[in-house]
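Report on one structure; see the data block that follows.
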Amino acid sequence: MAPAWPLKDRSPDDQVAHPDPRLGAIGIPEIVAHYKAIIRKLDKPPVLIGHSFGGLIVQLLLDQGFGAMGIALNSVPPCGVVPFRFSWQGIKRLWLMFRTPFSWRKVLPLPTREQADIELRRTQGIELHLVPESGRIFWQLFGAAATVDFRNHDRGPLLLVGCGQDTCSPPEVQQRNHAAYRLSLARTDFAFFPNLTHLSIAEPGHEELAGYCAAWIRARLVEASPQVSVARDVLSR
């Protein structure tokens with residue numbers, strides 16, 4: 001299953017042409033509640049997998065008792081973990097993002113993509129579709145809405161994945177995120193892929209990443225039910 005975020009169940013072209021004004025009212029709690037409602041309808045707790053901001057949603061859901069286990073890829077970190085690389089470039093990027101607060105309380109316009117990135121993705125056969133987003137979710141990263149209990153011993157296992165070429169959510173951010181869970185008795189693992197960027201789930205080399213995640217899931221399922229034969233195709237994509 002890959003259910004869309006609230007108000008995102010339309011084609012990218014339609015979202016760009018007709019932005020939903022209600023999107024500006026969507027925040028992290030609404031997104032988490034949206035997925036809780038989906039999970040409650042399932043026969044058993046699912047394996048949660050999220051990329052970037054979705055990785056934060058996975059961590060919040062696990063912390064709140066939803067999901068059998070979770071994988072957070074190139075994750076935006078929870079509140080309390082420094083979300084950028086310690087450099088003037090990282091500080092400048094954060095300043096540019098938040099210097100105009102009023103515009104961030106509504107629906108964000110599409111960002112301008114760098115030409116070098118556009119050309120790189122074209123050579124890789126990748127087409128990116130950018131859609132409007134709620135500014136509320138970014139401001140909430142610094143408050144209770146993005147807070148997890150790093151000492152929660154009762155949540156499911158969590159795998160955090162960092163990528164060496166990721167400049168959006170650098171690997172040291174993932175390592176700080178992983179270290180924040182050090183006092184929890186719940187299993188928390190970290191995996192590093194040096195040659196992948198923030199687009200790790202789609203670019204060349206993603207097969208190795210997917211295979212690693214599938215093996216990690218199988219191992220956790222065997223640990224939970226060692227007498228049960230685990231299907232080899234537990235992760236279909």
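The values are calculated or read from the model by the stated rules, or taken from the named source; none is laboratory data. These numbers come from a predicted model, not from an experiment. Methodologically, a virtual Cβ is constructed for each residue, glycine included, from the backbone with ideal geometry; neighbour enumeration extends over all protein chains shown.
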Residues that are basic (Lys, Arg) and under 23 Å from Ile49 (Cβ atoms): does the range 97-112 have at least one?
no
For the range 123-131, check the following and say yes or no: at least one residue is within 20 Å of Leu61 (Cα to Cα) and β-branched (Val, Ile, Thr).
no
Contacts under 6 angstrom Cβ, first residue in the range 135-163 being within 13 Å of Ala180 (Cβ to Cβ), partner in a loop (DSSP other than H, G, I, E, B) and among the hydrophobic types (A, V, I, L, M, F, W, C), 6 or more apart
Ala146/Cys79; Thr147/Cys79; Arg151/Leu183
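A quick yes/no check of all residues on (1) among the charged types (D, E, K, R); (2) closer than 15 Å to Pro78 by Cα; (3) out of contact with any helix residue (DSSP H, G or I) (no Cβ under 9 Å at 6 or more places or on another chain); (4) surrounded by 20 or more Cβ atoms within 10 Å (Cβ to Cβ):
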residue: Cys163; (1), (2), (3), (4): no, no, no, yes
residue: Arg176; (1), (2), (3), (4): yes, yes, yes, no
residue: Phe192; (1), (2), (3), (4): no, no, no, no
residue: Gly205; (1), (2), (3), (4): no, no, yes, no
residue: Arg218; (1), (2), (3), (4): yes, no, yes, no
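Per-residue answers, yes or no, for (1) surrounded by fewer than 23 Cβ atoms within 10 Å (Cβ to Cβ); (2) outside any strand (DSSP E or B); (3) under 16 Å from the mean Cα position of the chain (by Cα):
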residue: Ala145; (1), (2), (3): yes, yes, yes
residue: Arg155; (1), (2), (3): no, yes, no
residue: Leu160; (1), (2), (3): no, no, yes
residue: Thr167; (1), (2), (3): yes, yes, yes
residue: Val173; (1), (2), (3): no, yes, yes
residue: Ala186; (1), (2), (3): yes, yes, no
For the range 65-84, pairs from a residue that is free of Cβ contacts under 8 Å to residues at least 60 places away in the same chain to a residue that is among the small types (Gly, Ala, Ser), with Cβ under 9 Å and 6 or more apart or across chains, are Phe66/Gly156
Which condition number does Gln115 fail, the rest of (1) over 29 Å from Ile217 (Cβ atoms); (2) modelled with pLDDT of 90 or more; (3) not small (Gly, Ala, Ser) being met?
(2)
Across (1) at pLDDT 80 or above; (2) under 21 Å from Phe192 (Cα atoms), Phe84 clears everything bar (1)
If I filter the range 5-14 for residues that are out of contact with any strand residue (DSSP E or B) (no Cβ under 6 Å at 6 or more places or on another chain), surrounded by 14 or more Cβ atoms within 10 Å (Cβ to Cβ) and closer than 26 Å to Trp216 by Cβ, do I get at least one hit?
yes
Which of (1) of a type outside the set (Ser, Thr, Tyr); (2) over 14 Å from Gly55 (Cα atoms); (3) in a loop (DSSP other than H, G, I, E, B) does His198 not meet, given it meets every other one?
(2)
